[in-house]
1. Farthest toward the dipole's positive end in the chain, which of Thr107, Gly74, Ile131, given Cβ charges of +1 (Lys, Arg) and -1 (Asp, Glu) about the Cα centre?
2. Sorted by packing (mean other beta-carbon atoms within 10 Å per residue), highest first, where do 206-212, 220-226 land?
3. Tell me the label only: which of [x] 1.10; [y] 1.00; [z] 0.94 is Rg/Rh (Cα atoms, Kirkwood Rh) as calculated from this structure?
4. Tell me, what HN-Hα J-couplings in whole Hz come from the Karplus equation 6.51 cos²θ - 1.76 cosθ + 1.60 at θ = phi - 60° for each residue of segment 142-156, using x for Gly and Pro?
5. Long-range amide H contacts for Ala149: which residues qualify at under 5 Å (H placed 1.01 Å from N, peptide plane, sequence gap of 5 or more or a different chain)?
6. Take segment 195-250, drop everything but the C-alpha atoms, weight them equally and run the Debye formula without solvent; then report log10 I(q)/I(0) at 0.16, 0.23, 0.24, 0.26 Å⁻¹ to two decimals.
7. In terms of modelled amide H atoms, which long-range or inter-chain residues lie less than 5 Å from the amide H of Arg30?
8. Which translational diffusion coefficient, to the nearest whole µm²/s, is obtained for segment 114-221 from the Stokes-Einstein equation, given a Kirkwood hydrodynamic radius over C-alpha pairs, 25 °C and 0.890 mPa s?
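Every number here is computed from the coordinates shown, using simple stated rules; none is lab data. All figures in this text were calculated on a predicted structure; none of them were measured in a lab. Don't worry about glycine lacking a Cβ; one is built from the backbone with ideal geometry, like all the others, and counts go over all protein chains shown.
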Amino acid sequence: MSVLHQSKSLLAALLFSTLTFSSYATEKFRVCADPLNPPYSTKKQDGYENKIAELFAQQLGQEAEYYWFPQRIGFVRNTLKATIGDTDQYKCDVIIGVPAGFDFTATTNSYYHSTYVLLIAKGRGWDNITIPEQLRSLPLAKQDSLKIAMFDRGPGTAWLQQSGLLEQGVPYQTMTGDDKNNTAMMIEKELQASNIDMVILWGPMAGYIVSQNPNDYFILPMKSTRAMKFDYSMAMGVRYGDKARKAQLNDLISKNQQAINKILESYLVPLLPTPTEKPHKDDD
């Protein structure tokens with residue numbers, strides 16, 4: 001082989017390598033997310049799921065790209081499992097926050113574990129409450145003045161019923177259908193307006209409410225029992241069969257757990273030790 005031929009072959013190989021690397025480096029980290037869902041995600045990309053997505057994208061040499069869709073019934077079908085027009089390309093590839101073992105997606109290893117809490121507005125006659133169970137033994141006149149938010153989904157309503165406090169509950173829908181407020185935003189406004197004095201709420205959402213007015217609230221964790229579970233692990237969701245992406249995300253979670261915890265703590269998410277996980281069901 002001539003020197004000229006060898007040089008051309010080397011140049012071609014280098015060019016191919018450069019193009020391949022460039023293609024990989026500019027690949028998008030494509031996230032399915034709600035554009036108005038603090039503290040998780042927002043179109044301003046200032047939710048903690050946005051920050052985690054940004055962290056992962058940077059480490060992969062990619063850019064975070066979002067497909068926005070309200071997180072309502074049909075969210076997974078219209079995002080992770082939906083293709084762009086008549087093409088084979090999906091609209092997005094990962095949901096940053098799903099319950100561990102979620103039925104509608106394959107799930108990664110858990111990256112945090114949190115709990116429901118009782119969030120109480122200060123200065124309204126409830127500052128002496130130190131554990132949620134105290135509400136059960138209040139004098140009847142005091143119980144009658146209780147205004148505690150209850151939802152159509154979640155363990156809070158069941159706890160109120162079990163505690164004999166259902167009549168003191170103020171009902172709200174978990175999915176508001178409001179295009180200007182998600183559940184956390186709505187409850188924060190209801191607390192500020194004194195329409196309710198307290199709420200049993202998922203910890204990350206309670207953290208968001210406290211962050212808006214840090215001196216106005218205190219929170220008490222709800223403790224799980226055999227009869228009622230309040231603490232849950234959260235993972236990331238990918239399409240069934242997308243094993244390479246799931247493995248990649250598991251590696252990123254493992255390598256960045258401390259950084260993830262710092263992000264979550266900065267959003268006042270109450271963190272609990274993550275329980276030992278059972279093997280995930282097969283993705284195929």
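1. About the Cα centre, the residue reaching furthest to the positive side is Thr107.
2. Highest mean packing first, the order is 206-212, 220-226.
3. Working out Rg/Rh (Cα atoms, Kirkwood Rh) from the coordinates points to [x].
4. After applying 6.51 cos²θ - 1.76 cosθ + 1.60, I find 5, 4, 5, 8, 6, 10, 10, 5, 10, 10, 6, 10, x, x, x Hz.
5. Placed amide hydrogens put Val170, Asp197, Met198, Val199, Ile200 under 5 Å from Ala149.
6. Rounded to two decimals, the profile gives -0.72, -0.92, -0.96, -1.05.
7. Glu65, Asp93
8. Working: Rh = 13.9 Å.
The estimated diffusion coefficient comes to 177 µm²/s.
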